[in-house]
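Working notes, structure below.
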Amino acid sequence: MSGTFVGMPAFPAASAREVGNAQLRHNLHKATRTIRDKRAAVVGEQPDWDALRAAGAAVKTRVLRHLDSYLEQLEESVTRAGGTVHWARDAAEANRIVTGLVEATGESEVVKVKSMATQEIGLNEALAEAGITAYETDLAELIVQLGDDRPSHILVPAIHRNRAEIREIFLRTMADWGRPAPADLTDDPRALAEAARLHLRERFLRARVGVSGANFAVAETGTLVVLESEGNGRMCLTLPETLISVVGIEKIVPTWRDLEVFMQLLPRSSTGERMNPYTSMWTGATEGQDFHLVLLDNGRTDVLADQVGRQALRCIRCSACLNVCPVYERAGGHAYGSVYPGPIGAILTPQLRGFSSELDESLPYASTLCGACYDVCPVAINIPEVLLDLRAKVAATGRHRGERLAMAAARRVLESPALLATAQRAAGRFRRLTPRRLPGPLAAWTDTRDIPAPPTESFRQWWKENR
């Protein structure tokens, strides 16, 4: 994972800060509910939605089970079609490969299709160190880039901004990156979109190198697929003389027939549309273009080895889980300290990065375990199950000795009827002395709740006396 978010505080502290931002909460509440309602409407139109969901999960599970074979097949197919395949074990290697490919063209700028894989590895920053400027062309990504901000949503990276804030960003910084915004720019969405279109048109017509990710890669043909809503992707994929695609190794689907399933699942789950406005597909080097595919591991093989956690690799980045999550709706994406926010980020980020920081350890607890994320996931990732498994792994680390000792003591008492009865009688007798807060290393358990006073009589005592 990229070091972009290094230094972020743990989720409880970061989310407490974000929750205090009333404008942020209003923006998130409005946007997530709008997307959520649209998704519910179009999913309700599909009489076989549950069957599609099961099929999507089955295809992805089959891919993960035979990932080595499908990766080799994809490499053969892309190579046969005139493309060049590169393998990247981690972010540093992927950045070296892409930087070297751009430098070989002699160009000093690239245009980019929205790509979470390139955000994950910090590609923009790596290119900048080599004197190469990466221009984001997705409208929301453009807003984030111009505002010197970070994405806060998988589908709508600038979801935390309202149109008044976007207008101010355009007026303040757009001239530094190219064509300035009109001096009389209003916050009307059409005016903002027109300003972005005119600004980006110069980039599209001048760029000689394009960088993309991919939603899917079809192993049998070597075809890559990008779904988007604005047309910027089509411009980046077709106009440049060199196209470099950075794709996670889990993005494979075996066949065209399998792709059909996801072409129905993804638009409905992400944008709440029956089909997305732009679907771009290309196979190898097309129309004289020099095509390079960088297959990215960056921790995915380690995730694959985990029998419970590997289901996170089924994710198709639809963002449905974010839009229904009560925690995300209030805290926003920045609190997660990763390019993958929300419920999917809470299970994917710690697995890709490991429990290397207090923030990564806190992410599995960034959930109420309400299960709404599992209900809407189009590939049936059981996010609550993975969260609980990760919490167990966090608790097993050496930094949680106090919690383990407390749990061991509780287990000893609960396993013994005699000790439990004694503890219940003592708790009832001294109930007036019950503290509202726990001391020392256990204090975090009572940061947001009081310890309830024990009853004067336990159920066992009541049953013995009355039955």
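The values are calculated or read from the model by the stated rules, or taken from the named source; none is laboratory data. All of these numbers come straight from a predicted model, not from anything done at the bench. Virtual Cβ from ideal backbone geometry, glycine too; neighbours counted across all protein chains shown. Ligands, DNA and RNA are excluded from the accessible area calculation, which covers all protein heavy atoms including side chains. Shrake-Rupley method; radii C 1.70, N 1.55, O 1.52, S 1.80 Å.
Couple of notes before you dig in:
- Count of the range 295-314 residues which are under 14 Å from residue 374 (Cα atoms) and open to solvent by 10 Å² or more (accessible area, probe 1.4 Å): 2
- Of the helices (runs of 4 or more DSSP H) lying entirely inside the range 359-458, those containing at least 1 residues that are closer than 30 Å to residue 54 by Cβ and open to solvent by less than 50 Å² (accessible area, probe 1.4 Å) span 372-376, 383-395.
- Residue among 222, 284 that alone is in contact with a Gly (Cβ under 8 Å, 6 or more places away or on another chain), surrounded by fewer than 21 Cβ atoms within 10 Å (Cβ to Cβ) and more than 23 Å from residue 141 (Cβ to Cβ): 284
- Answer from 359, 369, 296, 322 - the residue that is of a type outside the set (Lys, Arg) and in contact with a strand residue (DSSP E or B) (Cβ under 8 Å, 6 or more places away or on another chain): 296
- Residue in the range 315-326 that is surrounded by fewer than 20 Cβ atoms within 10 Å (Cβ to Cβ), in a helix (DSSP H, G or I) and without any contact (Cβ under 8 Å) to a residue 60 or more places away in the chain present: yes
- When residues in the range 281-296 are screened for being under 22 Å from the mean Cα position of the chain (by Cα) and either aromatic (Phe, Trp, Tyr) or under 19 Å from residue 232 (Cα atoms) (or both), 0 of them pass.
- Restricting attention to the range 44-65, the residues that are surrounded by 14 or more Cβ atoms within 10 Å (Cβ to Cβ) and at pLDDT 95 or above add up to 14.
- Subset of the range 94-114 that is buried (at least 24 other Cβ atoms within 10 Å of the Cβ) and in a loop (DSSP other than H, G, I, E, B) - its residue that is nearest to the chain's Cα centre (by Cα): 114
- Among residues of the range 81-99 that are free of Cβ contacts under 8 Å to residues at least 24 places away in the same chain, those with a Cβ under 9 angstrom from a residue that is charged (D, E, K, R) and buried (at least 16 other Cβ atoms within 10 Å of the Cβ), sequence gap 6+ or separate chain, pair up as 93/297.
- Of the residues making up the range 201-219, those that are surrounded by fewer than 24 Cβ atoms within 10 Å (Cβ to Cβ), within 19 Å of residue 178 (Cβ to Cβ) and either modelled with pLDDT of 95 or more or out of contact with any Phe, Trp or Tyr (no Cβ under 8 Å at 6 or more places or on another chain) (or both) are 201, 202, 204, 205, 206, 208.
- Residue 344 buried (at least 23 other Cβ atoms within 10 Å of the Cβ), in a loop (DSSP other than H, G, I, E, B) and under 28 Å from the mean Cα position of the chain (by Cα): no
- Residues being more than 21 Å from the chain's Cα centre (by Cα), open to solvent by 10 Å² or more (accessible area, probe 1.4 Å) and not charged (D, E, K, R) - total across the range 238-266: 6
- Flag if residue 229 is open to solvent by less than 20 Å² (accessible area, probe 1.4 Å), over 18 Å from the mean Cα position of the chain (by Cα), of a type in the set (S, T, N, Q) and within 27 Å of residue 45 (Cα to Cα): no
- Check on residue 195, within 19 Å of residue 237 (Cα to Cα), assigned to a helix (DSSP H, G or I) and either modelled with pLDDT under 95 or not polar (S, T, N, Q) (or both): no
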